[in-house]
1. With axes computed from alpha carbons, what is the tilt in degrees of helix 78-87 against the longest principal axis of the chain, rounded to the nearest 10 within 0 to 90?
2. Which value results when the Cα radius of gyration for region 274-321 is divided by 2.2 N^0.38 Å?
3. Divide, for region 1-107, the radius of gyration over alpha carbons by 2.2 N^0.38 Å, where N is the residue count.
4. Mind ordering 217-223, 46-52 by average Cβ neighbours within 10 Å, highest first?
5. Take each of the peptides 58-68, 269-279, 6-16, average the number of other beta-carbon atoms within 10 Å over its residues, and list them starting from the highest.
6. Calculate the FRET efficiency for D58 and K141 from the Cβ-Cβ distance with a Förster distance of 51 Å, rounded to the nearest 0.05.
7. Give me log10 I(q)/I(0) at q = 0.10, 0.14 Å⁻¹ for the chain, Debye formula, one equal scatterer per alpha-carbon, no solvent.
8. Just add up the charged neighbours of K135: K/R +1, D/E -1, any other residue whose Cβ is under 11 Å from the Cβ of K135.
Amino acid sequence: MDNRIYNVVIIGYGGMGSYHVQLIESNQQLAVGGVYDIVDYRMELAAAAGYKTYASLDAVLADEAVDIVLIATPNDVHKEIAIQALQAGKHVICEKPVTITSADFLDIVEVAKKENRVFTVHQNRRWDEDFRIIKDIIGNKTVGELFQLESRVQGANGIPGDWRQLKAYGGGMLLDWGVHLLDQLLQITDSKIESVAATLSYILGTEVDDGFASFIEFKDGLTAVIEVGTTNYVKLPRWYIKGTEGTAVIRDWDLSGEIVTRNPDVAHVEPKPIQAGQGLTKTMAPPSEESTLKFPIEKIPAAAESFYENFVSTIEGKAEIAIKNEEVHRVLVLIETIFEAAATKSVIRRTI
Ligand code: NAD
């Protein structure tokens, strides 16, 4: 029997909406059924690319040929579009951050349940290779028991675009890259969060944060530093993790980096003191080569199922959705806690 083809209509044909085209078209069971954008020029681009354009959101929702609505608009209108699309009987994929508040997200989930439609969020960075490698290193205990994790993305180009600089649209870097990094973090451990401290930065003078640094402690003892910057002319590594047996670093998306661990076959060899500034140090000397092992960062095979493959399997009742609503909700609660910690300059002790 031939596989059924599902029509996806893209709402918001900007940077990300037009990127989704490639993802949709590379899936054999999905087709771009059309586009709706409030800006004429974006609709002209869609038409020039050969896609059907709809005159309004209502026209999309009234079209029975539309199976899935993909929301790739600025963040402030995700909720209203998602709820209308679910109520029209469509399955919905929404870009991140799904909503600006965790309460708004629960309203969507309630409608999805009532309408018995699949609703999920495009947390695509769970498929990033650097993240999957780090998860593997941790899961395989290559560096022993993980006790410290640092995850950062840093650029020097400021906050991009227009709406991302405005609060009313859900702008700012915590709600932008922060969502990805925090979502990845919560996939790394099963432990609950115990406390959160944070600072937001406003170096560029915008009304929203141009970056943030958060310090998150888990009940199992793991501490995590999650940082996003847009004013970093020199950046720190993408990942830096420490376990009881070693350290791993992935410097960038090119997967440059290494893993250094204790050599279990060699008794500890004292390092030699090194000249450090105006003094000598043994404490801060590199570990002796004899007592450590060094490995490159190895690529790993692609994930078994892509985001869209999983979505199709889920609407056909053959799989569980990869990005679960409870997980999305937890990330939003964590984001709200980071905002609160930064605003009150305090450590928030809360189980999340
Ligand atoms: P963008 O400004 O490039 O595009 C947004 C488009 O939505 C514009 O063409 C705009 O005209 C249109 N639009 C605005 N309001 C609309 C409405 N009510 N109905 C229909 N169209 C409307 O923004 P972008 O960078 O593409 O971001 C869109 C969404 O995608 C945001 O939620 C963003 O956070 C997310 N995003 C996700 C990733 C990722 O990796 N998952 C990457 C970039 C952006």
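Computed from the coordinates by the stated procedures, all read-outs in this text should not be read as laboratory data. Quantities reported herein were computed from a predicted structural model and do not represent experimental measurements. Neighbour counts run over all protein chains shown; Cβ positions are idealised from the backbone, glycine included.
1. That helix lies at roughly 50 degrees to the long axis.
2. Values: Rg = 24.3 Å, N = 48, 2.2 N^0.38 = 9.6 Å.
Normalised Rg, Cα atoms only: 2.54.
3. Expressed relative to 2.2 N^0.38 Å, the Cα Rg reads 1.03.
4. Working: 217-223: 16.1, 46-52: 14.0.
Peptide ranking by packing, descending: 217-223, 46-52.
5. Numbers: 58-68: 16.5, 269-279: 10.5, 6-16: 22.1.
Ranking the peptides 58-68, 269-279, 6-16 by packing returns 6-16, 58-68, 269-279.
6. Numbers: r = 54 Å, r/R0 = 1.06.
Calculated value: 0.40.
7. -0.69, -1.22
8. Numbers: positive: R126, R132; negative: D128, E129, D130, D136.
Taking every Cβ under 11 Å from that of K135, the sum is -2.
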